[in-house]
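Only the coordinates and a few stated rules stand behind these numbers; no lab work does. What you are looking at is a predicted structure, and each value in this text was computed from that prediction instead of being measured. Note that each Cβ is placed from the backbone with ideal geometry, even for glycine, and that neighbours are counted across all protein chains shown.
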Amino acid sequence: MTDTGLDASDTTADGGQGTKRFRAKRDAILAAAAAAINEQSAKGMTFADVARRVGLNTTSVTYYFKRKEELAAAAFEHTLERLTAMLDEAMQEPTPELRVARYLALNIDRLARIERGEETAFAVLSDLRATEDPIRSRLMAGWQRVFRKTRGLWGHAPDRAHTDLHGARAHVLLENTFWLPIWIARYEPDQYARVEARLMDVFRHGVAGPDARWNPTLLDLEHDGAEPGRRAFLLAATRLINELGYRGASVQRIASELNVTKGSFYHHLDAKDDLVIACYKRSFDTIVDAQQQADAAGGSHWQRLTSAIATLLDVQFSEREPLLRTTALSGLPIEVRRAMVDRSNRIARRYAGTMMDGIAEGSIRPVDALIAAQALMAVQNAAFDMRKWASTMPRDRAVAMYASTLLYGLFDDRAAG
């Protein structure tokens with residue numbers, strides 16, 4: 001007989017679905033699957049790895065989930081359920097500001113419990129779009145419900161402008177809480193409460209100084225010197241990885257997008273990991289180019305910050321040469337992933353330096369610049385996912401509205417005017 005990791009006490013007449021031991025083992029498998037997804041992506045996760053993490057054999061895992069796709073879907077649905085529960089709790093507060101503060105507090109508390117080993121991380125949702133139907137449709141419907149609940153933290157929207165603004169705010173809030181686990185690890189756990197307070201301060205009031213006005217200069221970013229064929233691969237790969245995740249954007253799909261053979265791919269790049277690294281390098285170089293040009297143009301540090309941010313949001317909304325989303329990180333080898341996060345942190349520190357100088361000159365409000373910079377990184381990185389939203393209005397309005405969420409705060413309605 002095959003050992004499933006169960007005994008007679010695990011089963012009942014209905015197959016054991018209601019027993020505590022069954023649920024406990026199922027939850028342990030889901031936690032292990034979440035860890036595997038976060039490290040390797042959903043497509044990279046294997047039954048064997050999940051079984052190893054929970055001390056079972058592979059057959060035991062299939063007792064609970066017949067197919068790997070079902071296990072990944074269950075892990076994603078668990079994440080959506082947890083997000084929904086936090087949002088429902090936050091909605092009990094009487095005002096938008098208190099709701100957002102409560103939702104942030106719940107996320108920080110969750111990360112603190114994970115750090116103490118009292119809870120396991122849930123699966124990141126970066127691979128949601130890479131799943132196949134009918135699972136994909138079910139998961140995307142769940143994500144839309146989470147998004148609408150998040151947008152509802154700001155209450156009823158009296159008109160279309162406020163609906164658009166609340167949508168931008170919801171997206172920025174969600175993306176910041178998804179990015180938070182990446183950078184909060186740089187802080188000691190006893191500093192988490194301070195991180196929460198400083199990040200909420202940015203959410204509440206933004207970074208703009210009292211006399212700061214939105215008047216950015218769109219910069220003409222230099223194009224890299226890559227050969228045309230390689231450049232085309234990088235742009236096609238970036239778009240597909242942003243849409244489908246690292247594992248979902250196969251070499252075959254990228255080659256098909258360009259109407260070339262897989263052999264042409266390997267003429268330009270040695271392996272898929274090399275492609276993702278090259279895409280990240282191009283994206284990071286684009287951000288640094290914007291920062292450097294903004295500094296070279298001079299003006300106040302508020303002007304420099306807003307010009308860089310506006311230019312990069314314009315790049316993201318245009319879809320022509322988008323920046324690679326951090327969703328690709330989970331598919332990369334751990335050492336490469338660390339190198340990419342280190343580069344991201346260096347870029348964030350440059351934003352922080354601009355804000356510190358702006359605070360000194362009075363054009364930027366006193367904030368914790370290191371924390372505000374990470375929030376800005378989440379905003380510009382996630383903007384690619386809002387390109388359809390941006391296409392419903394003039395580009396300059398979309399850029400201004402989306403940027404306002406952190407520059408002026410999540411509760412300032414001037415952007416809807």
Calculate the spin-label point distance for Arg21 paired with Lys388, positioning each point 7 Å from the Cα along the beta-carbon direction, and give it in nanometres.
4.7
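Give me the tail of P(r) for segment 92-223 as a percent: Cα-Cα pairs with distance above 24 Å.
Values: 3979 of 8646 pairs.
The proportion of pairs with Cα distances above 24 Å equals 46 percent.
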For the chain, fraction of C-alpha pairs farther apart than 33 Å, in %:
36
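Among the trypsin sites (Lys or Arg not before Pro) in segment 308-385, which ones are in a DSSP loop with at most 16 other Cβ atoms within 10 Å of the Cβ? Mind listing them? Mind showing how you got there, number by number?
Values: sites: Arg320, Arg325, Arg337, Arg338, Arg343, Arg346, Arg349, Arg350; in loops: Arg320, Arg325.
Sites meeting the loop and neighbour criteria: Arg320.
Going by the alpha-carbon gyration tensor, a ≥ b ≥ c the square roots of its eigenvalues, is segment 301-383 rounded (a/c under 1.5) or, if a/c is not under 1.5, prolate (a/b greater than b/c) versus oblate? The partial results should precede the final answer.
On the way: a/c = 3.02, a/b = 1.48, b/c = 2.05.
Oblate shape, in that a/c is at least 1.5 and b/c is the bigger or equal ratio.
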If I take every Cα pair under 8 Å that is 6 or more residues apart in segment 67-158, average their sequence separation and divide by the length, what percent do I get for the relative contact order?
41
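Starting from the Kirkwood Rh over alpha-carbon pairs, what translational D in µm² s⁻¹ does segment 8-155 have by Stokes-Einstein at 10 °C and 1.306 mPa s?
Numbers: Rh = 16.6 Å.
This corresponds to a translational diffusion coefficient of 95 µm²/s.
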For a bin width of 5 Å, list the pair-distance distribution of segment 33-92 built from all Cα-Cα distances, rounded to whole %.
4, 19, 24, 21, 12, 8, 7, 4, 1
How far apart, in nm, are the 7 Å Cα→Cβ label points at Ala48 and Leu218?
5.2
Can you give me the long-range amide H partners of Ile364? Hydrogens built in the peptide plane at 1.01 Å from N, cutoff under 5 Å, separation of 5 or more residues or another chain.
Gly209, Ile359
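Restrict the search to segment 86-171; then list the trypsin sites (Lys or Arg not before Pro) that DSSP places in a loop and that have at most 11 other Cβ atoms within 10 Å of their Cβ.
Working: sites: Arg99, Arg102, Arg110, Arg113, Arg116, Arg129, Arg136, Arg138, Arg145, Arg148, Lys149, Arg151, Arg160, Arg169; in loops: Arg116.
Of the trypsin sites (Lys or Arg not before Pro), the ones in loops of segment 86-171 whose Cβ has at most 11 other Cβ atoms within 10 Å are Arg116.
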So what is log10(I(q)/I(0)) for segment 149-207 at q = 0.12, 0.14, 0.16, 0.25 1/Å, when the Debye sum runs over its Cα atoms only?
-0.37, -0.49, -0.61, -1.06
If we count GluC sites (Glu not before Pro) as exposed when they sit in a DSSP loop and have at most 10 other beta carbons within 10 Å, what is the longest stretch of the chain that avoids them all?
133-417
When the helices in the chain are scored as -39500 (n - 2.57) per DSSP H run of 4 or longer and the sum is shared across all residues, what 222 nm value do you end up with, to the nearest 500 deg cm²/dmol?
-21500 deg cm²/dmol
Gained length - Asp190 relative to Arg338, 0.36 nm times residue gap less alpha-carbon distance
50.9 nm
